[in-house]
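The values are calculated or read from the model by the stated rules, or taken from the named source; none is laboratory data. Small disclaimer: the values here were computed from a predicted structure and weren't measured. Here Cβ is always computed from backbone atoms with ideal geometry, including for glycine, and neighbour counts include all displayed protein chains.
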Amino acid sequence: HYITLAASQGDPKACSLLGLHFLYADCGLTKSLILAKHYAEKSLEETDPEALPTFAYNFSNALYHLSVERYERALTIPGYSPIPAILFWLRRALVGAYLPVGTVAKFISMIETKEKSRCANCNIKAEGSSLKRCIRC
């Protein structure tokens with residue numbers, strides 16, 4: 001209750017914590033990836049450079065889970081891709097000293113490995129080379 005009250009008043013730390021509770025269905029809350037993303041995004045307004053990497057990681061994690069669930073396990077959708085935003089915020093999370101670098105680096109590596117062999121335009125597997133377009137595009 002107090003976390004929700006603090007988050008509604010714009011406290012970034014409370015927003016981040018509430019976003020995590022919605023992401024993992026903790027503390028009696030139902031799982032809501034939309035609310036998890038919303039509160040994690042509000043926490044990015046924090047100006048404290050020590051807290052921003054943690055909030056950036058939480059936001060990218062919520063955005064990743066929302067994208068995977070919303071688009072039925074297809075992370076990239078032709079014409080719309082959350083991957084650039086996810087990778088941007090994950091790289092911002094690497095700047096912080098409070099997060100385990102291995103966790104963030106593995107998350108970045110997993111996304112890049114999964115998506116680099118697909119065409120950026122139509123999401124078909126691009127044979128022969130990575131990070132390029134398929135023959136049709």
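In the range 120-128, is there at least one residue being under 25 Å from Cys15 (Cβ atoms), at pLDDT below 70 and surrounded by fewer than 12 Cβ atoms within 10 Å (Cβ to Cβ)?
First, the residues of the range 120-128 that are under 25 Å from Cys15 (Cβ atoms): none.
No: the range 120-128 contains no residue that is under 25 Å from Cys15 (Cβ atoms), at pLDDT below 70 and surrounded by fewer than 12 Cβ atoms within 10 Å (Cβ to Cβ).
Contact list please: Cβ distance under 6 Å, first residue in the range 43-71 and assigned to a loop (DSSP other than H, G, I, E, B) and of a type outside the set (Val, Ile, Thr), second residue surrounded by fewer than 16 Cβ atoms within 10 Å (Cβ to Cβ) and at pLDDT below 80, pairs at least six apart or on different chains.
Tyr71/Ile77
Can you tell me which residue is modelled with the lowest pLDDT among those in the range 68-90 that are farther than 20 Å from Cys15 by Cα and of a type in the set (Gly, Ala, Ser)?
Filtering first and then ranking leaves Ala74.
Out of the residues in the range 30-43 that are of a type in the set (A, V, I, L, M) and crowded, with 17+ Cβ neighbours inside 10 Å, state the one that is nearest to Leu87 (Cα to Cα).
So in the range 30-43, the residues of a type in the set (A, V, I, L, M) come out as 33-36, 40.
Next, from what is left, pick out any that are crowded, with 17+ Cβ neighbours inside 10 Å: 33, 35-36, 40.
On the way: Leu33: 18, Leu35: 21, Ala36: 18, Ala40: 15 Å.
Out of the qualifying residues, it is Ala40.
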